[in-house]
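Below is one structure, written out as structure tokens, with a few remarks after it.
The values are calculated or read from the model by the stated rules, or taken from the named source; none is laboratory data. Given the structure is predicted, the values throughout are model-derived calculations rather than measurements. A quick note on method: Cβ atoms are made from the backbone with ideal geometry, for glycine too, and the neighbour counts reach across all protein chains shown.
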């Protein structure tokens, strides 16, 4: 009798274990998550600030200039060289830092993506330019980038090209350095991406997978939204690199190099996370090669939190939902 009872208890125990193992984890409540996400993030607007005055002719001129290597001293570098938007490029060059037009010159900071750049509150890592037009002027005259000696030289070079004489006239503007930069900015204002996360924010719970949704929940719960908020999930504030723990490389002091204000040491513009999975390597110095390492490091030095392997993988999955749909598909085919 005792033996029979023991066997029944043992059988019941094994049955419980088997049933428990077969049970699936409860699905994440995507609708509730969507509500929480909408309180922190917004879809990208359909148009960038300033685009209301952009004509098709001005945009066409800007696109031509964007890809023209003749804007560089050695006729070998264009805006697109470091911010690749053709051939399924994600608006950067995927290099640690970028080589310049003149031999043996190389930039000191990682080239950020130009996609969605017109939504940022300032331009460059240190915010030294207020908008796309002002930003477009910088690399052309920078001696370690495109290397043109001065504005007048740029104007004379472009004015000597018959095609540009026609295109500037058609756009209704004179050939000046300021107008040239304005045209490039007009083209850049068309570079708005479309991703699955926006589809989710607009009401489609199936636009992101369950794993991506779990990653989003972790992203919010861990406090990543302290800096990464709004339509860009970033791009709207400065933050210290190494807020709670020092970043390994303290050579670049960020905004401090411009202002000389002690509080600005190691302050950089918070990067947008849109298309982040397509724009490795990471950070202002480009020294972190992959997204998983970047996520782990940010949790550590910005939030003083240690993520599990599962949490990291799920957060990376969420960040991949921020990639432009067409670009993500194209780059996946290449891989």
Q) If we scan region 71-92, do we find a residue that is assigned to a loop (DSSP other than H, G, I, E, B), assigned by TED's automatic domain parsing to the domain that holds residue 166, buried (at least 19 other Cβ atoms within 10 Å of the Cβ) and in contact with a strand residue (DSSP E or B) (Cβ under 8 Å, 6 or more places away or on another chain)? A) yes
Q | residue 166 vs. criteria part of a helix (DSSP H, G or I) and under 30 Å from residue 37 (Cβ atoms) | A | no
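A quick yes/no check of all residues on (1) assigned by TED's automatic domain parsing to the domain that holds residue 68; (2) within 30 Å of residue 234 (Cα to Cα); (3) part of a helix (DSSP H, G or I):
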position: 103; (1), (2), (3): yes, no, no
position: 125; (1), (2), (3): yes, yes, no
position: 140; (1), (2), (3): yes, yes, yes
position: 180; (1), (2), (3): yes, yes, yes
**Q.** Residues of region 277-335 that turn out to be farther than 23 Å from residue 194 by Cα, free of Cβ contacts under 8 Å to residues at least 40 places away in the same chain and part of a loop (DSSP other than H, G, I, E, B), as a count
**A.** 3
Q. Just one of 147, 100, 118 is surrounded by 23 or more Cβ atoms within 10 Å (Cβ to Cβ), over 21 Å from the mean Cα position of the chain (by Cα) and in contact (Cβ under 8 Å) with a residue 12 or more places away in the chain; which is it?
A. 100
Q: Please give the number of the condition residue 204 fails out of (1) over 28 Å from residue 302 (Cβ atoms); (2) in the same structural domain as residue 325 (by TED's automatic domain parsing); (3) in contact (Cβ under 8 Å) with a residue 40 or more places away in the chain; (4) in contact with a helix residue (DSSP H, G or I) (Cβ under 9 Å, 6 or more places away or on another chain).
A: (3)
Q.
For the structure I just gave you, tell me whether residue 45 is modelled with pLDDT of 95 or more and either out of contact with any helix residue (DSSP H, G or I) (no Cβ under 6 Å at 6 or more places or on another chain) or outside any helix (DSSP H, G or I) (or both).
A. yes
Q: Could you check, for region 22-35, whether at least one of its residues is touching a helix residue (DSSP H, G or I) at 6+ places or on another chain (Cβ under 7 Å), surrounded by 15 or more Cβ atoms within 10 Å (Cβ to Cβ), modelled with pLDDT of 95 or more and more than 30 Å from residue 228 (Cβ to Cβ)?
A: no
Q) Could you give every pair whose Cβ atoms fall below 6 Å, whose first residue belongs to region 219-239 and is touching a residue at least 60 places away in the same chain (Cβ under 8 Å), and whose second residue is crowded, with 18+ Cβ neighbours inside 10 Å and part of a helix (DSSP H, G or I), counting only separations of at least 6 or pairs across chains? A) 219/315; 219/318; 232/119
Q. Quick one: which of 152, 157 is assigned to a helix (DSSP H, G or I), assigned by TED's automatic domain parsing to the domain that holds residue 102 and touching a residue at least 60 places away in the same chain (Cβ under 8 Å)?
A. 157
Q: Give region 249-264 a look and list any residue that's touching a helix residue (DSSP H, G or I) at 6+ places or on another chain (Cβ under 6 Å) and surrounded by 17 or more Cβ atoms within 10 Å (Cβ to Cβ), or say none.
A: 255, 264
Q.
Checking residue 107 against (1) more than 17 Å from residue 232 (Cβ to Cβ); (2) touching a helix residue (DSSP H, G or I) at 6+ places or on another chain (Cβ under 9 Å); (3) modelled with pLDDT of 95 or more; (4) surrounded by fewer than 22 Cβ atoms within 10 Å (Cβ to Cβ): exactly one of these is not met. Which one?
A. (3)
